[in-house]
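Enquirer: Here you go, one structure.
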Amino acid sequence: TTFYSQFRLNPVGKYIIKVCQGTPCHVMGSQKITDALAEFLGINDNETTEDKMFTLESVACVGCCSLAPVMVIGDDYLGYLTGTSAVNMIKQIRKKDAENSGIIQAEEPFIVKVGLGSCGIAAGAEQTYKEILKLKIDQDLDFQLKQTSCIGMCFREPLVEVIDGEKSFLYGNVNKSIAEEIIENHIKRNVPLEKYIVDSNVIKCEDSVYFKTQNKISLRNCGIIDPENIDEYIGKGGYFALKNIVTKNITPDEVIDSILKSGLRGRGGGGFSTGKKWSFAANAKGDKKYIVCNADEGDPGAFMDRSILEGDPHSIIEGMLIAAFAIGASEGVIYCRAEYPLALKRLDKAILDAKKSGFLGHNIFGKIGFDFDLFVKEGAGAFVCGEETALLASIEGKRGMPSIRPPFPAEKGLWGMPTVINNVETFSNISWIIKNGAEKFSLLGTEKSKGTKVFALVGTVKRTGLVEVPMGMTIREIVYNIGGGHPKGEPIKAVQLGGPSGGCIPESLFDTKIDYDSLQKIGAMMGSGGLLVMDNHTCMVDIAHYFMEFIQKESCGKCTSCRVGTSKMYEILKRIVEGFGVESDLQLLEELSYQIKEGSLCGLGQTAPNPVLTTLKYFREEYESHIIKKRCPAKVCKELLTYRVIESKCPGCRKCVSVCSVDAILGDVRIPHYIDQKLCTKCNACFEVCDYEAIKII
């Protein structure tokens, strides 16, 4: 019970406040939110208020990285927070519980779709949906209101699409008042509001460039169909590939051969050939065989799998069914993070609907002996369970610890039987490949990295969200052509690719192609597909410290080099960011990194030092500044900062005084204030609220 973070030994409050500490949220100041909430509630992290109302909890990642920093309360995702706004939201909750939205129906002339993925909901899409629903009912309007999921343009959430026959108009940042304008003008008068349109097939829009170079295979239905309506999936050709295989007597070997010819490699980890993995399992001996979908997307800063599960769950089910047919499996498991409640809800409904429609069960499509059952297993909160042998142990009810390979799961996996494990994005490609042909898929990408890859583009970039591009596109093209560069036109320092297992790549290497081999050469890896953009306000030493804190917490402890080594690396990095580092620490960090890589059993330990090694290689001067000059160039490391009031700019408005929880700011009205450095906790609240730029961080 102490291994899994979702299991609890003490009662929790009515509302669990989960503050995301994923990489984008960390970079955007999530720790300040935790500190502000702890001060306001009078509790520490992972504690519950005396009235049993609130429990404060830091979580690794909630998958809404484009809206960083984010917190989750119940099923409500709240983004773009500051410490002050987070506290205000808690004050509101004390007064009134959140309301649930309804569902609407009917076929009518206009179709209005509201994006209700987790990112959209965090940006206020439920309120937008309710407003449109209210207007429709109150005014007895003749249009169809539908829900869909994330189309990928997270930087413009909430998104509302109005469809008029073949014409499509996608509206961005739609709040209640804009929703009212859309209904009044576009629906009632058929006059589109161009000033709010972010993408359209009939009107030119600046943000349309976001989709221009994308090639959607995995995300083909996301933001297009209602994920909770199986008929809409079928209407887009869903389950056609499976039916074609079964009814036209295509053999399992032919299916595997098609996947091999496509060149599809596992989307995540090292990118092993999907076709080879299936072939090994098909030829392995066992009384029973299993298909497992790894939906334990634990990388901070990654939300690709969540979006696919929320937006197109049937594509995963169909992909698993095709894999089951290919290897002779009769049972499947989707291992999904418990931190993805909306994805779990939609998965459960999709499985139930698939059973009712005959796509799951016995003699599927009339094929005698083709039986397949599927259930969802919720992860209980352990990052290491993303490693396939640890994941299998967790499904079996054990502590999620990796085991020595060989034997590989394809030979001896779940319950000791041959098992194919692929992640969500991999399975989402399968039916498309079968339906459109292996050759069409293999024409995309590079010689050794075929097809497309979905990335979570987050951080200090103008257009954040999900992008799906052909393998081989450069980092620069994604960051600048699709992402639009820095929101304020400032220089971009680096990107972090591949989550905790990835590396920090400087701007000078942005012309590197994104494929498995090219990234490995520069010290990074594809990983699940998180792509975090960082500017000069990001401290690379702090990033390395952040990732090592995450890794040492998530280490299962089985390997001494990982268990002890990562803790020692974290201690060294903590000393450096607090101003107590010495020059010999840098050599020690490098030595420990290589020892941990060589002495660890699974991918977590083998790749854990990557962020440290790449930041040491490409940003060594920042380490030296922290150690020699006791200075953080990015003004991030708390212990090296001082908050001061610039007297010439301070009008004495006392706004900063009102938000200081420790009474460290002194001064009368209309008289410049000053900060007592002995009392100041450097919480940043005064800097956030000052309208006169009178607070200086030194």
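The values are calculated or read from the model by the stated rules, or taken from the named source; none is laboratory data. The shown structure was predicted, so the numbers you read here are calculated from the model rather than taken from an experiment. Reconstructed Cβ throughout: ideal geometry from the backbone, glycine too, with neighbour counts over all protein chains shown. For accessibility, only protein heavy atoms count, side chains too; no ligands or nucleic acids. Shrake-Rupley method; radii C 1.70, N 1.55, O 1.52, S 1.80 Å.
Enquirer: Expressed as a whole percentage, what fraction of the accessible surface of the chain belongs to carbon and sulfur atoms when a 1.4 Å probe is rolled over the protein heavy atoms?
Expert: Details: 14260 of 28610 Å².
Of all accessible area on the chain, carbon and sulfur atoms account for 50 percent.
Enquirer: Name the long-range amide H neighbours of Glu297: under 5 Å, sequence gap of 5 or more, or other chain; modelled H, no Pro or chain starts.
Expert: Amide H to amide H, under 5 Å and 5 or more residues apart or across chains, Glu297 pairs with Arg337.
Enquirer: Just grab the label-to-label distance for Lys345 and Lys243, each label 7 Å out from Cα along the Cβ direction, in nm (one decimal).
Expert: 3.0
Enquirer: For the chain, which DSSP H helices look membrane-span-like by this rule: Cα extent along the axis of 24 Å or more and mean Kyte-Doolittle of at least -1.0? Provide the component values of the computation, followed by the final result.
Expert: Working: long enough: 560-577 (25 Å, 0.03).
Going by DSSP H runs, the hits are 560-577.
Enquirer: Give me, ordered by chain and number, the residues 5 or more places off Thr538 or on other chains with an amide H under 5 Å from its own placed amide H.
Expert: Amide H neighbours of Thr538: none.
Enquirer: Kindly flag which residue pairs out of Lys377/Lys398; Lys276/Lys597; Lys18/Lys453 have an alpha-carbon separation exceeding 18 Å in this structure. Walk me through the numbers on the way to the answer.
Expert: On the way: Lys377/Lys398 13 Å; Lys276/Lys597 26 Å; Lys18/Lys453 30 Å.
Long pairs (Cα-Cα over 18 Å): Lys276/Lys597; Lys18/Lys453.
Enquirer: I'd like the distance between the alpha-carbon centres of region 1-75 and region 618-688, rounded to an integer number of Å.
Expert: The distance from the Cα centre of region 1-75 to that of region 618-688 comes to 25 Å.
Enquirer: Compute from the Cα atoms of the chain the Rg and the Dmax, the latter being the longest Cα-Cα distance, and quote both in angstrom.
Expert: Answer for the chain, Rg first and Dmax second: 25.7, 86 Å.
Enquirer: Enter the Cα centre distance for the pair region 454-483 and region 414-443, rounded to the nearest angstrom.
Expert: Using only Cα atoms, the two centres lie 24 Å from each other.
Enquirer: Could you give the semi-axes, largest first, of the ellipsoid that matches region 269-315, computed as the square roots of 5 times the alpha carbon gyration tensor eigenvalues and rounded to whole Å? Numbers along the way, then the final one.
Expert: Details: eigenvalues 140, 39, 20 Å².
Computed over region 269-315, the values are 26, 14, 10 Å.
Enquirer: Could you work out how far apart the two model spin labels at Arg654 and Ile697 are, taking each label as a point 7 Å from the Cα in the direction of the beta carbon, and quote it in nm?
Expert: It works out to 2.7 nm between the two label points.
Enquirer: Return the calculated 222 nm mean residue ellipticity for the chain, to the nearest 500 deg cm²/dmol, obtained by summing -39500 (n - 2.57) across DSSP H runs with n ≥ 4 and dividing by the residue count. Please list the in-between numbers first.
Expert: Values: 26 runs with 244 residues, N = 698.
Result for the chain: -10000 deg cm²/dmol, rounded to the nearest 500.
Enquirer: A further question on this structure: Provide, as a two-decimal number, the C-alpha radius of gyration of region 426-572 over 2.2 N^0.38 Å, N being how many residues it has.
Expert: Values: Rg = 17.2 Å, N = 147, 2.2 N^0.38 = 14.7 Å.
Working it through for region 426-572, the quotient is 1.17.
Enquirer: In addition: Within the chain, what's the longest stretch lacking GluC sites (Glu not before Pro) that sit in DSSP loops with no more than 16 other Cβ atoms inside 10 Å?
Expert: Longest gap between qualifying sites, sites excluded: 167-395.
Enquirer: Another question, then. Using a Förster distance of 41 angstrom, determine the FRET efficiency expected from the C-beta separation of Ser567 and Phe375, and round it to 0.05. Please list the in-between numbers first.
Expert: On the way: r = 37 Å, r/R0 = 0.90.
For R0 = 41 Å, the calculated efficiency reads 0.65.
Enquirer: Related question: Using a 1.4 Å probe and ignoring any ligands, DNA or RNA, find the accessible area of Thr681 and quote it in Å² to the nearest 10.
Expert: Counting only protein heavy atoms, the figure is 60 Å².
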